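**Q** Got a structure for you, written out below as structure tokens; questions coming shortly.
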Amino acid sequence: MSRVLFSTICLYLLTGCGEQPPEAGAIPDMPRFAEKRLAKGRSIWMGTCRNCHLLGVSGAPAVTDTIAWAPRIEKGAPALYRSALSGIKGDDGKYRMPPRGGNDRLKDEQVRQAVDYMIASVEALADK
């Protein structure tokens, strides 16, 4: 494979979900939890949700942004489950977050596990 083609592919893959937020800092070391549900949620989160929520790409709240997450978490897990399952549309009617994070293969329970993991991670990372 030519170096130009290889470089182009690498740059394409590194663009992720969109533009990086201006305050993007160090990549957090995502927590691991002993609880089975959260361990499963971590696996799902790492495979689907982290693409946008690790650093806050394309307007998604980063797991380290406790200020952005506080009002969301305050609404309770059921509200977060609904948002994750159904997606979030902007005023223009386009999805800001697609249903199931864009992974239609995920079952409802898997989405809930990923949400539970994200809630636990936001809280754990805030304590650091």
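**Q** Looking at the structure I just gave you, is Arg100 among the charged types (D, E, K, R) and in a loop (DSSP other than H, G, I, E, B)?
**A** no
**Q** Sort out which residues of the range 51-79 are open to solvent by 40 Å² or more (accessible area, probe 1.4 Å) and assigned to a helix (DSSP H, G or I), and write them in order of number.
**A** Taking the range 51-79 and keeping what is open to solvent by 40 Å² or more (accessible area, probe 1.4 Å), we get 51, 55, 58-59, 64-67, 70-75, 78.
Asn51, Ser58, Gly59, Thr66, Ile67, Ala70, Pro71, Arg72, Ile73, Glu74, Pro78 - these are the residues of the range 51-79 that are open to solvent by 40 Å² or more (accessible area, probe 1.4 Å) and assigned to a helix (DSSP H, G or I).
**Q** A further question follows. Would you call Ser86 modelled with pLDDT of 95 or more and touching a Pro at 6+ places or on another chain (Cβ under 8 Å)?
**A** Against the criterion (modelled with pLDDT of 95 or more and touching a Pro at 6+ places or on another chain (Cβ under 8 Å)), Ser86 qualifies.
**Q** Please find, within the range 109-128, the residue that is most open to solvent (accessible area, probe 1.4 Å) out of those that are over 16 Å from the mean Cα position of the chain (by Cα) and either acidic (Asp, Glu) or within 16 Å of Met46 (Cα to Cα) (or both).
**A** For the range 109-128, the residue satisfying everything is Asp127.
**Q** Another question about this same structure. If you go through the range 80-107 one residue at a time, how many are open to solvent by less than 100 Å² (accessible area, probe 1.4 Å) and either under 17 Å from Gly56 (Cα atoms) or within 16 Å of the chain's Cα centre (by Cα) (or both)?
**A** 17
**Q** Would you mention how many residues in the range 57-83 are touching a helix residue (DSSP H, G or I) at 6+ places or on another chain (Cβ under 7 Å) and within 16 Å of Ser121 (Cα to Cα)?
**A** Total satisfying the criteria: 12.
**Q** Filter the range 84-107 for residues that are in contact with a strand residue (DSSP E or B) (Cβ under 7 Å, 6 or more places away or on another chain) and either closer than 17 Å to His53 by Cα or of a type in the set (A, V, I, L, M, F, W, C) (or both) and give the result.
**A** Answer for the range 84-107, where residues must be in contact with a strand residue (DSSP E or B) (Cβ under 7 Å, 6 or more places away or on another chain) and either closer than 17 Å to His53 by Cα or of a type in the set (A, V, I, L, M, F, W, C) (or both): Gly87, Ile88, Lys89, Tyr95, Arg96, Met97.
**Q** If you don't mind, there's one more thing I want to ask. For residues that are of a type outside the set (Asp, Glu) and not in a helix (DSSP H, G or I), scanning just the range 33-45, find the one that is surrounded by the fewest Cβ atoms within 10 Å (Cβ to Cβ). Even if it seems obvious, please write down each step before you answer.
**A** Keep residues of the range 33-45 that are of a type outside the set (Asp, Glu), which gives 33-34, 36-45.
Then drop every residue that is not not in a helix (DSSP H, G or I), which leaves 33-34.
Working: Phe33: 15, Ala34: 6.
For the range 33-45, the residue satisfying everything is Ala34.
**Q** On to the next question. I need the full set of residues from the range 58-83 which are among the hydroxyl-bearing types (Ser, Thr, Tyr) and either at pLDDT below 95 or more than 22 Å from Lys40 (Cβ to Cβ) (or both), in order please.
**A** Going through the range 58-83, the residues among the hydroxyl-bearing types (Ser, Thr, Tyr) turn out to be 58, 64, 66, 81, 83.
Selection gives Ser58, Thr64, Thr66.
**Q** Right, next: Given the criteria crowded, with 17+ Cβ neighbours inside 10 Å, in a loop (DSSP other than H, G, I, E, B) and in contact (Cβ under 8 Å) with a residue 60 or more places away in the chain, does Thr48 qualify?
**A** Considered against the rule, which asks whether it is crowded, with 17+ Cβ neighbours inside 10 Å, in a loop (DSSP other than H, G, I, E, B) and in contact (Cβ under 8 Å) with a residue 60 or more places away in the chain, Thr48 comes out as no.
The values are calculated or read from the model by the stated rules, or taken from the named source; none is laboratory data. Every value quoted in this text rests on a predicted model; they were computed, and no experiment measured them. Neighbour counts run over all protein chains shown; Cβ positions are idealised from the backbone, glycine included. Surface accessibility is based on the protein's heavy atoms, side chains included, excluding ligands, DNA and RNA. Shrake-Rupley method; radii C 1.70, N 1.55, O 1.52, S 1.80 Å.
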